[in-house]
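Undergrad: First the structure, then my questions, so here it is.
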Amino acid sequence: MTFGDLLAFYRGKTGLTQKELAARLGIQYQQVSAYERDLTFPRKGRLIQICEILNASYAELAEAKFRTQNPGLPEEAFPYESRRRLPPIPLIGLAAAGQGLFPNLEGTAVAADDYLDRPDDLRDEQVYGVRVFGDSMTPVVKPGAIVIASLEASCQNGDLAVVVTQDGEAMIKLVYYKGEELLLRSTNPAFPERRIARRDILHLHPVVHIRMGRV
């Protein structure tokens, strides 16, 4: 999220229009519009004023401003405290390393049964956790492990992913694209490869982190 996106988010929470915020800041509304489009950025004094009006976090907006102005900097350039501000990860139930129902995922809205502490290096905000049962993915993913999958990242050939079919079946598999089908492979050789038509897939979310054992 850029500085402008975050500013627009906080402004929207208050219900203020750009013109109303500009009037309270004593500036033209075009200036607020430029802030929200990342064309210009407020100086420190103005940013403090904005935060007071919008009841926003100065540290969060100041960091967003710095990130937007310096898009090429590595993640290590930003403080650990900023990473801690990301939300915890919703844990939404069970998925099968073999097969099984996965009832709590509807579109991109996640209904959480519990929450997980976020790994320090995981920046993706659109993620969820699923506890795994079944042994088709051993030794990579053992029963009782939790996989964290991304709602937004694209699934590449050979990725480990959460796969949910149109009829509600869910599984954790290695995914390979073959024409209009997906090849779903297990790491346990006792389980055969499966083929599913792409049109029969409801969700396909790559796994970005594996946490062994229980929460």
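Undergrad: With respect to Thr14, determine if the residue is polar (S, T, N, Q), within 21 Å of the chain's Cα centre (by Cα), at pLDDT 85 or above and not assigned by TED's automatic domain parsing to the domain that holds Arg123.
TA: No, not satisfied.
Undergrad: So is Glu181 surrounded by 12 or more Cβ atoms within 10 Å (Cβ to Cβ), out of contact with any Asp or Glu (no Cβ under 8 Å at 6 or more places or on another chain) and in the same structural domain as Asp114 (by TED's automatic domain parsing) or not?
TA: Considered against the rule, which asks whether it is surrounded by 12 or more Cβ atoms within 10 Å (Cβ to Cβ), out of contact with any Asp or Glu (no Cβ under 8 Å at 6 or more places or on another chain) and in the same structural domain as Asp114 (by TED's automatic domain parsing), Glu181 comes out as yes.
Undergrad: On to the next question. Does Asp200 meet the test of being at pLDDT 90 or above and either in contact with a strand residue (DSSP E or B) (Cβ under 9 Å, 6 or more places away or on another chain) or among the polar types (S, T, N, Q) (or both)?
TA: Criteria met by Asp200.
Undergrad: For a quick check of your reading: which helices (runs of 4 or more DSSP H) sit entirely within the range 1-49 and have at least 2 residues that are closer than 15 Å to Ala62 by Cβ?
TA: 3-14
Undergrad: Let me ask something else about it. Do you know which of the residues in the range 101-146 that are modelled with pLDDT under 75 and of a type in the set (Gly, Ala, Ser) is surrounded by the most Cβ atoms within 10 Å (Cβ to Cβ)?
TA: Ala112
Undergrad: Take residues that are over 20 Å from Asp124 (Cβ atoms) and tell me which of the strands (runs of 3 or more DSSP E) falling wholly in the range 135-185 contain 2 or more.
TA: 170-178, 181-185
Undergrad: What pairs come out if I take residues in the range 69-80 that are at pLDDT 80 or above and pair them with residues that are part of a helix (DSSP H, G or I) and not aromatic (Phe, Trp, Tyr) whose C-beta lies under 8 Å away, six or more apart or interchain?
TA: As it stands, the answer is Asn70/Ala77, since those pairs meet every condition given.
Undergrad: Considering only residues of the range 57-68 that are over 20 Å from the mean Cα position of the chain (by Cα) and at pLDDT 85 or above, which is surrounded by the most Cβ atoms within 10 Å (Cβ to Cβ)?
TA: Lys65
Undergrad: Got a sec? Which of Leu7, Leu21 is assigned by TED's automatic domain parsing to the domain that holds Thr68 and closer than 14 Å to Lys65 by Cβ?
TA: Being assigned by TED's automatic domain parsing to the domain that holds Thr68 and closer than 14 Å to Lys65 by Cβ holds for just one of Leu7, Leu21, which is Leu7.
Undergrad: Looking at (1) at pLDDT 80 or above; (2) more than 26 Å from Tyr29 (Cα to Cα), find the lone condition where Arg84 falls short.
TA: (1)
Undergrad: Please find, within the range 164-204, the residue that is farthest from the chain's Cα centre (by Cα) out of those that are among the basic types (Lys, Arg) and closer than 18 Å to Gly134 by Cα.
TA: By that ranking, first place goes to Arg194.
Undergrad: Any chance you could count how many residues in the range 195-215 are part of a strand (DSSP E or B) and either surrounded by fewer than 16 Cβ atoms within 10 Å (Cβ to Cβ) or hydrophobic (A, V, I, L, M, F, W, C) (or both)?
TA: Adding up the residues that qualify gives 9.
The values are calculated or read from the model by the stated rules, or taken from the named source; none is laboratory data. Since the model is a prediction, treat every value here as computed from it, not as a measurement. Virtual Cβ from ideal backbone geometry, glycine too; neighbours counted across all protein chains shown.
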